[in-house]
Amino acid sequence: MKSAAFEYARASSLDEVCDWLRKDGDDAKLIAGGQSLVPMMAMRLTRPARLININEIDALKFITVEKDHARTGACTRQCVIARDGALANAVPLLKQALEWVGHVQTRNRGTVGGSLVHADPAAEMPLVAQILGAQMVLRSHTGTRTVAAAEFFEGPLTTATRADECLEEIRWPRWSEKRMGSAFTEISRRHGDFALVAAAAQIAVDENGSCTRVNFGLAGGGYIPMAFPKLAARLVGSKLEDDIVESVVNDAATEFDPGGDLHASPDYRRQLAAVLTTRMLRAAYENASNCK
Amino acid sequence: MEKLYPVAIEVNGKPRSAQVPARLSLVDFLREELRLTGTHVGCEHGICGACSVMLDGDPVRSCLMFAVQADGHRITTVEGLTPADGTLSVLQDSFCEAHGLQCGYCTPGMLIASQALLNATPNPSEEQIRDAIGGNLCRCTGYRQIVDAVKLAAGRLAEQK
Amino acid sequence: MADAKSPYGFRYIGAKRRTKEDPRFVTGRGRFVADIALPGMKHVAIVASPHASARIVSIDSKAALAAPGVHYVLTGEEFCRETDSLAIGVDTPKVTRYALAKDVARYAGEWVVAVVADTRALAEDAAELIEVEYETLPHVVDPEIAVNADSHQVHPAHGSNVLFHRRFVWGAVDEAFDKAPNKVKLRVRWGRSSTVPIETFGVAAQWDAGREILDVWASIQMPKFPDQLARALRLPGNAVRVHYDVDVGGSYGVKRGIKHTVLVSYLARKLGMPVRFLEDRLENMRGGDMHGPDRLFDMQAAFDNDGSIRALKIRALDDVGAYAGRSPLQLGKPVSAICGPYRIKAVEYEPTSVMTNKTPQEAVRGFGQAPTNFAIERTIDHIARHLGMDRIELRKKNLLKKEEFPYLIPSGSTYDSGDYHTVLDKAMKAIDYPALVAQRDAARKTGKLAGIGISTCLEPSGGNSAFEPLFNPKNDTTTWMDSCLVRVDLSGSITGIMGTSSSGQGHETLVSTVIGEVLERDPASIRVVRADSLNALPSNSPVGSRMAIMLGGAAAGAARKIKETLIEIAAHNLDCTMETIEYKDGNVTVRGHPDKKMSWDELVAIAHRKYHLMPQGLEPGLQAKFVWEVPTGGVLPTPDGVAQIYPCYSFETHIVYTEIDPATAKPELKRYVCGHDCGVMINPDIVHGMTYGGIAHGIGAALYEKFSYSEDGQLESGTFMDYLLPSALEIPSVDIVDHCTPSPLTTFGQKGSGEAGYLGAPAAIANAINDALAPLNASIETLPMSQDVLWRVISAASAAGTGSR
C-alpha cells in the first residue's frame, strides 16, 4: 500500500501556493494535515501528480476571536482549536464537535480547514460549518472570495473550491445572544469512526425560556452535511414542546434522506437522525437555559 | 529515476538527513532508511496506531505522513523513550511490571500514546487513559493490563516528584 | 520488586514474575519479520483477481517487465508447473491449492500474478501495468446454496462443493428425543470474522546456492511448516531452514502463510536474490487466506421437565471459502467437547464443510470451538426460556460435578478434572449477582433494554489433534509431541532450547520458569533460545492451547534429566547412593552429613571437564533433551467415530451485563466478570493477559467484526475502516476470578489457556443481548449483533407491540 509517485513542493507563503496553483492547479493537490488524503493516496484511490504542502505556512495557523465571528486559519490543527478557551467560549459547538473527530493522533495532525475541503459527508467539521453558516475565505492568484457553507459543500468530497484556489481562513459566526447553547453528538460503530449519523444544534433563548434563534443539522450517510434553517425557524418562539419538536425532527429526518451502507441501513439512519436531533435540540436548549 | 527530495529531521535528539522519494512515508523512512525498526506498520491507512511517533512532542500516525513533510521537525520514536543509560523509563518499566503487552507489536505505539498523555496529564483517570490509547488497536491484551500499566506509571512518576 | 509467592506452593510457578520477553518489546528491540533486512533484498507485489469467479484468459506482463526496478513477473502457469499443491486437511485430492491461480480464479482477491522489484513501491507500480484478461464465471457465496448438487462448483474436478460431511451419533439420541417431554430447536449463525493480528503476515527468504539451503524468516505459527514448505518446493526436508527466532506480531491461530512462503521461496531460489513479501492490510484482509469459521448451526435439544438435558442434535454447516487447507478440521475439534461442560449422554453431530467463492478460512483461536460453544450456550438459554427456569439453576443442574471426573463424554474424550459449580459461584459472588439482577430490573424500569448474559464453556487444551484421523481416515497421525533441550554450559549457565516461534504467549518465560522450578535456579538467569528447524527437536508448534502443557512438560522433563545427572555425579564423588543425595538450589549434600557437599559449579565442572570424576557410562557435558507425546495421544479413532482428543479441559464462565439504548440500538457492556479455571497457572500475568485479550476478541466477534460479502462475491470490509477491531473505548474493564483444579495429566497440574476468554465471551454477550430483548419477545441468533441488526429487531418488535413492557 504505497502511494503512486508524485512531485512535491513545500510552500512558504500563500502567494507561492497561488502561483503554483495558477500554473498547474488541475494536477496539483494541496496537503495540510493529510489525515484523509494520505490513506487515499496510499490505496491509490487518488494520485496527484504534484503535492503542495501548505502546512508550514505560519500565516495559515491562527485563531482570532472577533466581535461577530471567530476566525481560524485553514491550517490550524484540530487539537489547537479544541484547546483554545476563548474560541470555546465564542463558538462552543466547534470544541463539542472536535471531541468526536478521530483520535488524539489524528487531531494532533489534522486541520479544520483540511476537514472542510475534504468534505466527507459523515465528517463533523462540515456539519458545524453548515449549522453556523461559516464563511470560507478562498484565495487564488486573482484575489480572495468568500463562500458561505451553504454554497461551499457541493457533494461528497466536492466543494466550491476551484482548482486554482486555496482555503485561507474560516469565519465562524458568533451568536450574540446571552443565553445561547449548543450540543453535538453522533452514533458510530466504534468511537472515533465516521458517524453513522451526527447531529448538532445551537439555540438561543429569552428570559422566559422561549427560543429566539435555532439552527440544527445532520451528517452521515447523506449526500452532504445539512443544516435545516427553515425547519429550525419553526421552533422559534417555542419552548421545545414535544409536539413541535417531533414534527420538526420528523421533517428533518425525511429531508435528510440518508443512504445505506455496510454499517447502517437508510431506515436505521433515519431513526438515528430523528432521535439524535431531538436529543441535541433538548441538550442545546438546556445549555442555553443554564446560561446566566 | 524517481526524483529525490532532501529531508533533515531530528530523530530522538539526533539530526538525520537523507534524499528520499516524495512518496516515502515517514514510517518507512524511519524503518527502512534509518533502521529504527521499533516503530511498526499495522494498517498503513491510519486506523491501528502501531506506527505512532511523536512529532514535535505530539503523538501522530507516521503512516499518514510523507517523510518530506517532516523535514525540519522533531521526531521521537519508541527507541527515544529509553533513557540514555540503557535502563527502562518509568513507563516502559511499568508496562513490564503490569505485563501490558504480549506480542509486542502494538506496544511502541501504545507507549508513545501513553507517554504523551502522561506528559500532558500527570494523573490521568481511567477514562482519559482509554481515550489516549483509543486510537491504538491491540489484539492481545484486551487493553486491561495496558491501562493498569499507565496507571502504575502515573503513580510512580507522582512519587518521584 | 519482590515476587509475590506462588499460591500453589511452588517456588516460581504461579508466582508474580515479570516475563522474559517484555523488556525487548518496550524498548523497540523486538525482531519481527519486517525488521529483517537481507542485503540486496527484493520486494513482491501481487496482482489479485477482481472477480469472485473467473477464467484467466490471458496475462500481458510486457509493460511491467519494462518498468523501472522490476526483476521478474511470475504467473500461475509457471508456478503451478514448478511447485506442488499445498497440503489438504481432509481427503479431497482434487481440491488443489497454489499461491497463484492458474486458469481459474476462485475468489475476489485471489493472487494471480507476483511482481518482484527493487522496492515495494516499484513493485506496486509495475503490478498496475499488468493486463489480465478475465472471463467471469458463475459464482456462489451462500453456503446453503453451495451444498446443493446443482450449485456452481468452486472446484468442478472435485464434483461437489462439499469437502467433508459425516453424521456422528454417540449414544441413544433418537431414543432420548422420543422419550423426552420437552424439545427446543433453533438456528444460530456465527459470522465470518478472524483474529486479525496487528502485524500482517510477512516472509523473507534466501537461497544459499553454495550450501543448497533455503533460509526462511516468517511470522509463522504453524505445525509442520518446514515439512510442508519443502514438499511444495520439491526439496528434501533438510534443504529448508526456518528461523524461529522471529518475533511474531500476534497470530491466535492464523499466521500460517504457507502459500506466501512457498511463493517467496520459489522466487528467491529462482532469482538467486533474497526476496521479501509483507502483506499490506488490503492483501491481508482479502487474499491473506485468514478468515475464520462462517458457520450455521441447527440445534435441537431434548430435556426433562426438571431441566435435565437428555440429548443434543447439532448440524453445523461451515463455509470455508474457495480452498480447503486445514479449515474443515475446525469442525473436528468441537467433537472433543461436543456436550460442553454438561452431563449430556447422547449427541448427534452432523458437520458439513462447504466451499464458496470467498477468501479461504484458516485456523482461528479455538479452532472451531468458540462457535460451537456459542451454539450450545444459546441452546441452554432457549431451554431455560422454554421451561421458565432460571438460567443459572439450569446450568447448575446439568454441569458436571467435581466428583464425576475423570468423565468420559459420549464422543470419546475424557474430561480430566474440573469444579464448574465453584467457579460459577465465585464469578456470581464477584459480580454480586443479586445486585446485578436488581440493576438490570431498575434499568428496565427507566425504559432501557437491559440484559444479563451467562455462559459456561470449556477450552479443550493440549493439542491432541485426533480429529485429524477422525476427519480423514487416510491420515493415521497419532503423534503430537513437543520437545525441549536443556543445556548447562561450562560456566554453569542454563539454556533452554525450544523449536518453534511465539506470537506473544510468553514461551521464554514458560520454559525458564519451569526449568528454574525443577533445577531450583532463578529463572531470570536462564536463557531460552529457539533453534532453527534444522537444529530443532520436533515441535507441533503453539496451537490448541498446548504449550503450557506440552512445552512446559518437555522443559520439565529435560530439566529433571539434568537434575538426575547432577545427583548421579554427586553420588559418585561423595561415595554414597543417589537416594541419599539432597538437592537444594543446585547444590547437593549427603543426607545426615552436611559437611559432605558439592556445589553447582563443582558438579558442572565435573560434567564438562573432569571425565576422571564422572561415573562410568555417563555422557560428558551437561545437556538433556525430552520429547513428550501428548497425554492421551497415540490412539486412532474407532470406525464409528469415537475419539479421545484433547487431554485437558479448562473451564470458564462469563457473566456480562449490557444496556441497550432502545432509540439508537447502541449496546454498552457495563459489567463483565469471567471465572476461569485452567489448573495451575505457570505465570498468572500471562494467563490473565491472554484471557482479557480473548474476551476482547470475543466482544469483537459478537458485536463488531465481520468479513462481509456482497452478492457478487466482493469483500465489503477489507480495510480497518470497515472491519471493526474494538478499541480500548469499546472494551469494558473486565474482572477475572481465578480458580485452580489441577489436571492429573500434566507435570504441574497446568491446563491450556491460549484460547481463554474467546471461547465463552461471544456466547455470554449473545445471551446478554437476548436477555435484554426478552421483554420485547424478540431475539437475535446471528453474530455479529451489529447496531443495524439490533435496531431492525428492536423496531420490528416495537412496531408489532409483542413486548410485555
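Can you tell me which residues in the stretch C:711-730 are free of Cβ contacts under 8 Å to residues at least 24 places away in the same chain and either more than 21 Å from C:His139 (Cβ to Cβ) or more than 7 Å from every other protein chain (Cβ to nearest Cβ) (or both)? The answer is C:Met721, C:Asp722, C:Ser727, C:Ala728, C:Leu729.
The criterion of at least 2 residues that are within 22 Å of C:Val364 (Cβ to Cβ) is met, among strands (runs of 3 or more DSSP E) falling completely within the stretch C:603-721, by C:648-661, C:666-677. Here A:Met43 passes the criteria (1) more than 14 Å from chain B (Cβ to nearest Cβ); (2) closer than 27 Å to A:Gln105 by Cβ except the one numbered (1). Counting residues in the stretch C:430-442 that are of a type outside the set (Lys, Arg) and part of a loop (DSSP other than H, G, I, E, B) gives one or more.
Mind checking which residues of the stretch A:165-189 are charged (D, E, K, R) and over 27 Å from A:Cys75 (Cα atoms)? Correct list: A:Glu177, A:Lys178, A:Arg179, A:Arg189.
Just to be sure before I move on: is C:Leu100 modelled with pLDDT of 95 or more, away from chain A (no Cβ under 14 Å) and assigned to a loop (DSSP other than H, G, I, E, B) in the structure I sent? Considered against the rule, which asks whether it is modelled with pLDDT of 95 or more, away from chain A (no Cβ under 14 Å) and assigned to a loop (DSSP other than H, G, I, E, B), C:Leu100 comes out as yes.
Within the stretch C:448-501, the set of residues being buried (at least 24 other Cβ atoms within 10 Å of the Cβ) and β-branched (Val, Ile, Thr) comprises C:Ile454, C:Thr456, C:Val486, C:Val488, C:Ile494, C:Thr500.
Which one is nearest to C:Ser512 (Cα to Cα), of the residues in the stretch C:5-19 that are among the aromatic types (Phe, Trp, Tyr) and surrounded by fewer than 19 Cβ atoms within 10 Å (Cβ to Cβ)?
First, pick out the residues of the stretch C:5-19 that are among the aromatic types (Phe, Trp, Tyr): C:8, C:10, C:12.
Those still in the list that are surrounded by fewer than 19 Cβ atoms within 10 Å (Cβ to Cβ) too: C:8, C:10.
Values: C:Tyr8: 18, C:Phe10: 14 Å.
Applying the filter and picking the extreme gives C:Phe10.
Going through (1) within 30 Å of C:Ser85 (Cβ to Cβ); (2) touching a residue at least 60 places away in the same chain (Cβ under 8 Å) one by one, C:Asp306 falls short only on (1). Among (1) within 13 Å of chain B (Cβ to nearest Cβ); (2) touching a Ser or Thr at 6+ places or on another chain (Cβ under 6 Å), where does C:His697 come up short? Result: C:His697 fails condition (2) only.
Can you tell me how many residues within the stretch C:594-604 are without any contact (Cβ under 8 Å) to a residue 40 or more places away in the chain, farther than 15 Å from C:Gln623 by Cβ and not charged (D, E, K, R)?
3
Report, by residue number, each residue of the stretch A:1-49 that is of a type in the set (A, V, I, L, M) and touching an Asp or Glu at 6+ places or on another chain (Cβ under 8 Å). Listed by number, the residues that qualify are A:Met1, A:Ala4, A:Ala5, A:Ala11, A:Leu14, A:Leu21, A:Ala42, A:Ala49.
Looking only at residues that are of a type in the set (Ser, Thr, Tyr) and under 21 Å from C:Lys185 (Cβ atoms) in the stretch C:769-802, which one is modelled with the lowest pLDDT? Ranking the candidates gives C:Thr802 first.
Just one of (1) away from chain A (no Cβ under 14 Å); (2) closer than 24 Å to C:Val437 by Cβ; (3) more than 20 Å from the chain's Cα centre (by Cα) fails for C:Pro762. It is (3). Filtering the stretch C:406-464 to residues that are within 16 Å of C:Ala764 (Cα to Cα) and either basic (Lys, Arg) or in contact with a His (Cβ under 6 Å, 6 or more places away or on another chain) (or both) leaves C:Val423, C:Arg440, C:Ser455. Mind listing whichever residues of the stretch B:13-43 are over 30 Å from C:Leu724 (Cβ atoms), buried (at least 20 other Cβ atoms within 10 Å of the Cβ) and under 15 Å from the mean Cα position of the chain (by Cα)? Result: B:Leu36, single match. Selection of the stretch C:503-560 for residues being of a type in the set (S, T, N, Q), more than 25 Å from C:Ile198 (Cα to Cα) and in a loop (DSSP other than H, G, I, E, B) yields C:Ser533, C:Asn535, C:Ser539.
Of the candidates A:Tyr268, A:Tyr223, the single residue that is under 27 Å from A:Thr106 (Cα atoms) and not assigned by TED's automatic domain parsing to the domain that holds A:Gln35 is A:Tyr223. Among the residues of this structure, A:Thr111 counts as one that is in contact with a helix residue (DSSP H, G or I) (Cβ under 7 Å, 6 or more places away or on another chain), of a type outside the set (D, E, K, R) and within 14 Å of chain B (Cβ to nearest Cβ).
Results for (1) small (Gly, Ala, Ser); (2) part of a helix (DSSP H, G or I); (3) within 14 Å of another protein chain (Cβ to nearest Cβ), shown as yes or no for each residue.
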position	(1), (2), (3)
C:Asn148	no, no, no
C:Phe164	no, no, no
C:Val169	no, no, no
C:Leu186	no, no, no
C:Arg189	no, no, no
C:Thr195	no, no, yes
C:Ile198	no, no, yes
C:Gln221	no, no, yes
C:Leu229	no, yes, no
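Count, please, the residues in the stretch B:120-145 that happen to be more than 12 Å from chain A (Cβ to nearest Cβ) and under 18 Å from B:Val53 (Cα atoms). Final tally of qualifying residues: 1.
What residue, of C:Ile731, C:Ile655, is within 30 Å of C:Tyr415 (Cα to Cα) and either hydrophobic (A, V, I, L, M, F, W, C) or surrounded by 24 or more Cβ atoms within 10 Å (Cβ to Cβ) (or both)? Explain how you work it out, then say what you get.
Numbers: C:Ile731 fails: within 30 Å of C:Tyr415 (Cα to Cα).
Just one listed residue meets the conditions, C:Ile655.
Rundown of residues vs (1) surrounded by fewer than 24 Cβ atoms within 10 Å (Cβ to Cβ); (2) touching a helix residue (DSSP H, G or I) at 6+ places or on another chain (Cβ under 7 Å); (3) among the hydroxyl-bearing types (Ser, Thr, Tyr), yes/no style:
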| residue | (1), (2), (3) |
| --- | --- |
| C:Thr136 | yes, no, yes |
| C:Val154 | no, no, no |
| C:His158 | yes, no, no |
| C:Asp215 | yes, no, no |
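Residues considered: C:Ala316, C:Ala268, C:Ala239, C:Ala302. Of these, the only one that is closer than 30 Å to C:Val162 by Cα and over 26 Å from the mean Cα position of the chain (by Cα) is C:Ala302. When the stretch A:57-95 is limited to residues that are charged (D, E, K, R) and surrounded by 16 or more Cβ atoms within 10 Å (Cβ to Cβ), the one that is nearest to the other protein chains (Cβ to nearest Cβ) turns out to be A:Arg77.
The values are calculated or read from the model by the stated rules, or taken from the named source; none is laboratory data. The structure presented is a predicted model; accordingly, all values stated were derived computationally and were not measured. Using ideal geometry, Cβ is built from the backbone for each residue, glycine included, and neighbour counts are taken over all protein chains shown.
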